[in-house]
1. Quick one: if you stick a label point 7 Å off each Cα along the C-beta vector at residue 351 and residue 197, how many nm between them?
2. Using a 10 angstrom cutoff on alpha carbons, build the Gaussian network for the chain and name the most mobile of 324, 194, 334.
3. Count the lysine pairs in region 266-384 whose Cα atoms lie under 18 Å apart, taking only pairs 8 or more positions apart in sequence or on different chains.
4. Have a look at 30, 247, 343 and tell me which one the Gaussian network model of the chain (Cα, springs below 10 Å) gives the largest fluctuation.
5. Check the straight Cα-Cα distances from residue 47 and name the aspartates and glutamates below 20 Å, setting aside those fewer than 8 residues away within the same chain.
6. Which lysines, on any chain, are close to residue 117 with Cα under 20 Å apart, when same-chain ones fewer than 8 places away are left out?
7. Taking the C-alpha atoms of the chain, how large are the radius of gyration and the largest Cα-Cα span, Dmax, in Å?
8. DSSP loop trypsin sites (Lys or Arg not before Pro) in region 203-312 with at most 13 other Cβ atoms within 10 Å of their Cβ, which ones?
Amino acid sequence: MKLKILIFINYYGKKSETFISDEIAFLSSQENLDLTILHYGKDIPSKNTVGINLAADFKKRWLRVLRKFDTTILRSLQYRNGLNGTLASLIPFFRKNQFDTIYCHFGTNGKLIAELKDLGVIPKETKLVVRFHGLDLNMKKYPKSFYNVLNNMDNIVLYGTKMAQDKLTTYGLIKQIVFLPVGIKTSNISDINNVDTSVPDNFFILAVGRFIELKGHEIAIDIMENLKSDNVFLNVIGDGERFLKIQQTVNRKALESKVNLLGKKSHQEVFLNLEKSHIYLYSGIYDAEGRCENQATSVLEAMAQGKVVISSALGGITDYLIENKTGFLCEPGNVKQFVEKLQWIIQNYTSAEMTKVRQNAILEVQKNYCQEKLNDQLLKLLIA
């Protein structure tokens with residue numbers, strides 16, 4: 001008999017992160033699993049995906065419940081409303097469907113399932129596996145007691161960085177926590193013997209990430225303004241709320257010939273741009289809420305391709321990006337330090353020392369961040 005597994009994610013499809021889509025593809029290929037996907041969107045029958053399709057705001061969500069006047073839902077809730085009324089929208093689905101294991105991406109989704117187990121809507125014997133990502137560990141948004149319900153039963157909590165582990169400990173989540181980072185597919189990991197050591201006429205730097213504060217794209221623009229090298233160019237992939245503002249900054253600083261904002265690109269297009277680049281830059285910072293990058297998959301992807309990586313020393317990046325061994329680190333927001341190290345990297349790009357750093361980066365990904373190996377570990381946790 002097949003094991004019934006539910007994967008609960010925020011969005012499935014184009015909005016889903018690449019590694020989540022790859023993970024789902026792997027689990028879907030397992031003949032001993034009966035996989036269902038639950039997300040905040042519409043039903044996709046061809047993908048065995050069920051959509052919660054929540055109303056846009058709290059009041060509208062409750063109006064839907066009250067229109068049906070399902071008093072059993074209200075009794076089941078025992079005066080709890082979950083995350084802004086989400087529990088009421090989940091109860092009908094779980095009344096009709098039971099699973100052996102529920103695997104949640106993001107602690108907030110895991111909390112909802114734990115609440116439903118605690119209320120008896122989901123059977124207590126249902127295994128719950130919750131993967132935390134980083135932004136779900138923001139104490140300004142989610143106070144210290146927010147995840148207490150996850151400690152009330154035997155759940156498995158997955159984390160990917162030392163930073164995440166420290167935050168989970170602060171939340172009191174110390175039972176059954178398992179290290180399982182996000183990985184890179186073998187097909188996207190280069191051979192260490194294929195590192196190109198030729199001298200380029202021009203150096204192309206790539207940065208990838210949403211245009212939000214913590215990604216530090218403004219810092220990248222300041223770096224390019226101060227680098228003052230005629231043969232160094234920056235391409236930035238991504239979109240978001242700060243895109244127009246940063247484009248205006250590029251224009252105001254007269255950097256149009258040096259900085260190219262490429263907008264949103266597919267994962268395949270990202271790799272095509274990465275292939276043409278020599279250096280990968282991550283100039284992330286701590287935002288106004290104190291948040292920063294947790295694991296930074298894009299940094300790992302660049303390392304896997306044997307690119308020279310220079311990054312802010314924050315979040316979980318320092319777990320695998322080691323100064324002068326697998327890449328180069330700078331103090332977040334320290335433009336002068338970034339500029340000085342970039343100048344040194346460019347001057348020594350073809351040196352044996354630089355080649356060794358690039359090869360070490362590939363080996364680090366091969367050894368500790370190979371997605372296929374991590375998928376096997378995940379499968380064992382889900383079916384054990």
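1. In this crude label model, residue 351 to residue 197 measures out at 1.4 nm.
2. 194
3. Number of lysine pairs found: 10.
4. In this elastic network of the chain, the residue with the biggest mean-square fluctuation among 30, 247, 343 is 30.
5. Candidates past the 8-residue exclusion: 17, 22, 23, 31, 34, 100.
6. Within the straight-line limit of under 20 Å, residue 117 reaches these lysines: 4, 96, 127, 175.
7. Considering the chain through its Cα atoms, Rg and Dmax are 22.7, 72 Å.
8. In loop regions of region 203-312 (DSSP not H, G, I, E or B), the sparsely surrounded trypsin sites (Lys or Arg not before Pro) are 228, 264.
The values are calculated or read from the model by the stated rules, or taken from the named source; none is laboratory data. Everything numeric in this text was worked out from a predicted model, so none of it was measured. All Cβ positions, glycine included, derive from the backbone under ideal geometry; neighbour counts span all protein chains shown. Calculation scope for accessible area: heavy atoms of the full protein, side chains included, ligands and nucleic acids excluded. Shrake-Rupley method; radii C 1.70, N 1.55, O 1.52, S 1.80 Å.
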